[in-house]
Amino acid sequence: MAQGEQEKAVTGPEPGEPARVIIVEDDERLRAYAGGALAAAPDIAVVGDAGCLADGLPLVDLMPDLALLDLGLPDGSGIRVIEAIRAKVPACKVLVFTVFEDRASVLGTLKAGADGYILKDTTADMVLAHVRATLAGETPISARAAGHLLSLVRDEPVAETSEADAPHLSPRERELLEYLARGLSRKEAARVMNLSPYTVAEYVQGIYRKLHVKSRGEAVFEAIQAKLIRIDRE
């Protein structure tokens, strides 16, 4: 990888440059629908699209800033694209565009490190808004997707104390991670918790470091698995 590509893999889009987006979606109509919504925006450049896993994986070499990705591809799971992105372009955001059919898909997506989850009935304007929000570091999660995520933990209440070998998160770190797991942006969580955005950013970095992860999706997955947080309370 050239030096410029190495820097991009870590830092993301250059200031003032349009964000580079790839789309991997097997439904040609939906792919054109999403692509048209994004291509019309001056701050977005759709640099590649594909309708299957075999054609989607090479798009990672284009060093995108964001991937709009379907999970259910005809020749394999879109999770493989997420894994390839995390390995080669860790700064790239991943916005899953899905029907959210089962728990296994949700868990696998979280573990692989997706940054947002929207459903395929999302309007064109909202697809663009969600892409911009994801690029800005937020985690768009549709209401139904959030409800599906909540169901992952409702049947398995989190113990008040974690396992002895579980990563240690402070009470404030747990509180923050619970808000992020529910789909709040860092800015929204800072307001709710009465913290500055800078303090929230420091908490997030501490959470990632302690859980040995690189994305919000991975952090939520690991915290749920370790019974460190619960997101089913009011």
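Here are the numbers:
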read-out: Placed amide H near I44: partners under 5 Å, 5+ positions off or other chain; value: A19
read-out: Footprinting exposure proxy for L71, L180 (fewest neighbouring C-beta atoms within 10 Å first); value: L71, L180
read-out: Interchain or long-range residues, amide H under 5 Å from G76's placed H; value: L53
read-out: Cβ crowding within 10 Å averaged over residues, with 131-142, 38-49 ranked highest first; value: 131-142, 38-49
read-out: Under 21 Å from the Cα of K227 - lysines, other chains or at least 8 residues apart; value: K111, K210, K214
read-out: Relative contact order, percent, the stretch 158-225 [alpha-carbon distance under 8 Å, six or more residues apart]; value: 32 percent
read-out: Burial ordering of D70, D121, D27, fewest other beta-carbon atoms within 10 Å first; value: D121, D27, D70
read-out: Label-point gap, in nm, between S170 and V192 - each point 7 angstrom along Cα→Cβ; value: 1.9 nm
read-out: Largest to smallest principal axis extent of the C-alpha atoms in the stretch 33-73, angstrom; value: 29, 21, 12
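Each value in this text was obtained by applying a stated rule to the coordinates, not by laboratory testing. Note that the structure is a prediction, hence the values are computed from the model and not measured. When we count neighbours, we look across all protein chains shown, and the Cβ atoms used for this are built from the backbone with ideal geometry, even at glycine.
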